[in-house]
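Rule-based calculations on the coordinates, nothing more; no lab input. On a predicted model such as this, the values are computed, not experimentally measured, just so you know. FYI the Cβ positions are ideal-geometry reconstructions off the backbone, even for glycines, and counts take in every protein chain you see.
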Amino acid sequence: MTDTPPPTHGHDRDHFDARARDWDDEAKRTRGRVVAAAVRTDVALDASTRVLEYGAGTGLASEFLATGPLGPVTLADPSAGMRDVMADKVADGRLPSSAQIVDLDLSTGDVPEDRYDLVLTVMTLHHIPDLGTVLSAFARLLDGGGHLCIVDLEDEDGSFHRHLDDFHGHDGFTEEDLGAALATAGFDPPTWRVIHHVDKDDRAYPLFLATTTPAGA
């Protein structure tokens, strides 16, 4: 089982374009169900909740969130191949017919004018060296009372990405370090709990869900 494709450039984006059609194996679908259930436990969602899934890949988390009450969904990923798969899911009803699919990289691009009640990102932030820029963008994208939900790797020894010679991201996160980054970006201290794990090379890597709101909201 591998991780959700992050916002990328160059050959990395080409890599995810090539893998997009075969991305949704059963392990990832199981993770999507677990993530959706955990988010619904932490955040009250209804038919008016505006959602941005950032680094959405094939949109699995939103696919399972949309089995319950949910408002407008925006799915952001820079991989054209992944966006094509999401468009197919919209066409055949696996994703909501009103879902918007966009090419968005908050680490390099402008912050859109749109505002959301929930920003969700799954296995994406550990690929982003300049975490502060993206977290600050999330704070701007959330309306008052909105929630940010982050699902990612707990701190690990670097073995998760040992197959990538040019990996320059984070070897997972500790609650303390991510909490400090969130505070700098304008968020309250997150709630934190392990919700799942990734099985890779005969090892289980824990995944956490961190949920927070903009400070003072």
At what distance in angstrom do the alpha carbon centres of the stretch 172-217 and the stretch 32-81 lie from each other?
18
Testing the spin-label approximation: label points 7 Å from Cα along Cα→Cβ at Ser98 and Arg203. State their distance in nm.
4.5
Limiting things to C-alpha atoms, what are the Rg and the maximum Cα-Cα separation (Dmax) for the stretch 48-133, in angstroms?
12.4, 37
Amide H to amide H, which residues 5 or more places from Tyr205 or on other chains are under 5 Å from it, using H placed in the peptide plane?
Val198, Asp199, Lys200
Can you give the extra length, in nm with one decimal, that the chain gains between Asp88 and Asp177 once fully stretched, where that is 0.36 nm per residue apart less the Cα-Cα distance?
28.2 nm
Phi angles of the stretch 135-146, converted by Karplus (6.51 cos²θ - 1.76 cosθ + 1.60, θ = phi - 60°) into ³J(HN,Hα) in whole Hz with x for Gly and Pro, give 5, 5, 5, 4, 4, 5, 6, 8, 6, x, x, x
Once label points are set 7 Å from the Cα along Cα→Cβ at both Thr184 and Ala27, what is their separation, rounded to one decimal in nm?
3.3
